[in-house]
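Coordinate-derived values only; no laboratory data. Treat the numbers as computed from the prediction; the structure is a model and nothing was measured. Glycine gets a Cβ as well: all are built from the backbone with ideal geometry, and neighbour counts include every protein chain shown.
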Amino acid sequence: MKELFTEMPKALADRMKVLEARDAKDRGDKTPALKRLRQIPPESGAVLATLAASAPEGTMLEIGTSGGYSALWLTLASRLRSEQFITYELLPEKAELARETFAKAEVEEYVDLVHGDARGHISDHESIAFCFLDSEKEMYEEFFELVVPKLIPGGLLVADNLISHKKELSKFLKLAHKDKTVDALILHVGKGLLLISKKAVK
């Protein structure tokens, strides 16, 4: 997977730096949670890109675009796979920022941004190969129930904040471990990524 990160396009790398600086400023200024970018750290982005690039053939989704930082990492996988992925953002101001991000990073051909509630769109996808979940935490269980039945064998659902929001997401984690159709493992990267893999049908 070496080619995934070598020769990263300058426009993409520059936009990543802009969003990283804004995220750091938001945290330093103690900006209210809903207005912050609340984006993943770079190490989580690298893991996401690697997982997405190695996922089986099928639809790639992201739930919770925010300013587009995690999506930039996923475009590296899309470019390698020669396909486009779909990202959903509910808040209009963040969707607008994400559109600006994709334009300035010159990655619009690899990502389709949908401004709207992903819960109304998951049923449109029959063969999900990869999905990154980073929405409001109270929605995680609902998204699990919507996405997992649509995952193809070997398909991946990756959820963020399983360490930073351990108590808040305890029911979600139990739901994942209880489901016999998937394997679930917490990766101690960044704020904690839960890696959920759909088992092959016997």
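Go through 117-126, 52-61, 154-163, 68-77 and give me the packing order, highest mean Cβ count within 10 Å leading. Show your work: numbers first, answer last.
Numbers: 117-126: 14.5, 52-61: 19.8, 154-163: 22.4, 68-77: 25.6.
Ranking the peptides 117-126, 52-61, 154-163, 68-77 by packing returns 68-77, 154-163, 52-61, 117-126.
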task: In nm, give the distance between the simple-model label positions of residue 181 and residue 54, each being 7 Å from the Cα along the Cα-to-Cβ direction.
output: 2.4 nm
- request: Report the far tail of the P(r) of the stretch 67-150, meaning the percent of Cα-Cα pairs longer than 21 Å.
  value: 29 percent
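Determine, for 16, 8, the number of other Cβ atoms within 10 Å of each Cβ, and report the residues in order from fewest to most. Mind dumping the intermediate values first?
Working: 16 20, 8 12.
The fewest-first ordering by Cβ neighbours comes to 8, 16.
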query: Long-range amide H contacts for residue 112: which residues qualify at under 5 Å (H placed 1.01 Å from N, peptide plane, sequence gap of 5 or more or a different chain)?
result: 85, 86, 87
- prompt: Can you give the Kirkwood hydrodynamic radius for the chain, in Å, rounded to one decimal and based on Cα pairs?
  reply: 16.9 Å
field: Cα centroid of the stretch 146-202 to Cα centroid of the stretch 42-121, whole Å
entry: 19 Å
- prompt: Residues with beta-carbon under 12 Å from that of residue 157, excluding residue 157: net charge, scoring Lys, Arg +1 and Asp, Glu -1?
  reply: -4
- prompt: Of 140, 74, 6, which is farthest along the charge dipole of the chain in the positive direction, counting Lys and Arg as +1 and Asp and Glu as -1 at C-beta?
  reply: 140
Counting DSSP beta bridges with both ends in the chain, the antiparallel % (nearest 5): 35 percent
Simple label model, 7 Å out from Cα along Cβ direction - residue 165 to residue 119, nm: 1.4 nm
